[in-house]
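Comments concern the structure below.
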Amino acid sequence: QVQLVESGGGLALPGGSLRLSCAASGSNFGRYDMSWYRQAPGKQRELVATITRGGRTDYADSVAGRFTISRDNAKSTVYLQMNSLKPEDTAVYYCNAARSWVSYWGQGTQVTVSS
């Protein structure tokens, strides 16, 4: 069992930056692939970025070059550094931990990009 708690969301100006954190409790954090998803009002949840157990990263085309996902296994935490934010990045951002057939979700953190 893994519990995930996101933090770091808030209001940012277009062109600004935010850093999201997702702290995991439970065992074997290093064995999970970690991802960030987001869901905007009226839209489906979409995958933003993934970092595998081995440290390989992958990004949605819409955020590549602006967002960076990283993990600190010693702290059982995954991060999402978001730069050059755009209004279309506004959404609730969710952390996900996945391994084999098991998947865990956090409660989400709101990110609003507006002037």
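The values are calculated or read from the model by the stated rules, or taken from the named source; none is laboratory data. In this text, all values refer to a predicted model and were calculated from it rather than measured experimentally. When we count neighbours, we look across all protein chains shown, and the Cβ atoms used for this are built from the backbone with ideal geometry, even at glycine. Each accessible area value is taken on the protein alone, full model and side chains, heavy atoms only, with ligands, DNA and RNA left out. Shrake-Rupley method; radii C 1.70, N 1.55, O 1.52, S 1.80 Å.
Brief remarks on what is shown
- Residue in region 18-31 that is within 11 Å of the chain's Cα centre (by Cα) and among the aromatic types (Phe, Trp, Tyr) present: no
- Selected residue (criterion: modelled with the lowest pLDDT) from residues of region 64-74 that are part of a loop (DSSP other than H, G, I, E, B) and surrounded by 14 or more Cβ atoms within 10 Å (Cβ to Cβ): 73
- Pair list, Cβ under 6 Å, 6 or more apart: region 27-52 residue part of a helix (DSSP H, G or I), other residue among the small types (Gly, Ala, Ser): 29/76
- For region 78-103, the set of residues classified as under 16 Å from residue 52 (Cβ atoms) and among the hydroxyl-bearing types (Ser, Thr, Tyr) consists of 79, 100, 103, listed by residue number.
Yes/no matrix, rows are residues, columns are (1) in contact with an Asp or Glu (Cβ under 8 Å, 6 or more places away or on another chain); (2) modelled with pLDDT under 95; (3) of a type outside the set (Lys, Arg):
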site: 27; (1), (2), (3): no, yes, yes
site: 38; (1), (2), (3): yes, no, no
site: 49; (1), (2), (3): yes, no, yes
site: 58; (1), (2), (3): no, no, yes
site: 62; (1), (2), (3): yes, no, yes
site: 79; (1), (2), (3): yes, no, yes
site: 89; (1), (2), (3): no, no, yes
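- Applying the criterion of being within 15 Å of the chain's Cα centre (by Cα) and farther than 16 Å from residue 98 by Cβ to the residues of region 39-60, the residue that is surrounded by the most Cβ atoms within 10 Å (Cβ to Cβ) is 59.
- Whenever a residue of region 97-108 is touching a residue at least 12 places away in the same chain (Cβ under 8 Å), its partners that are part of a loop (DSSP other than H, G, I, E, B) and open to solvent by less than 100 Å² (accessible area, probe 1.4 Å), lying with C-beta atoms within less than 6 angstrom and at least six residues away or across chains, give the pairs 97/32; 99/32.
- Test: residue in region 98-112 that is touching a helix residue (DSSP H, G or I) at 6+ places or on another chain (Cβ under 7 Å) and surrounded by 16 or more Cβ atoms within 10 Å (Cβ to Cβ): yes
- Those strands (runs of 3 or more DSSP E) of region 75-115 in which 2 or more residues are under 15 Å from residue 10 (Cβ atoms) occupy 77-82, 91-99, 109-113.
- Residues that are open to solvent by 30 Å² or more (accessible area, probe 1.4 Å) and over 13 Å from residue 114 (Cα atoms), drawn from region 1-17: 1, 3, 5, 7, 8, 9
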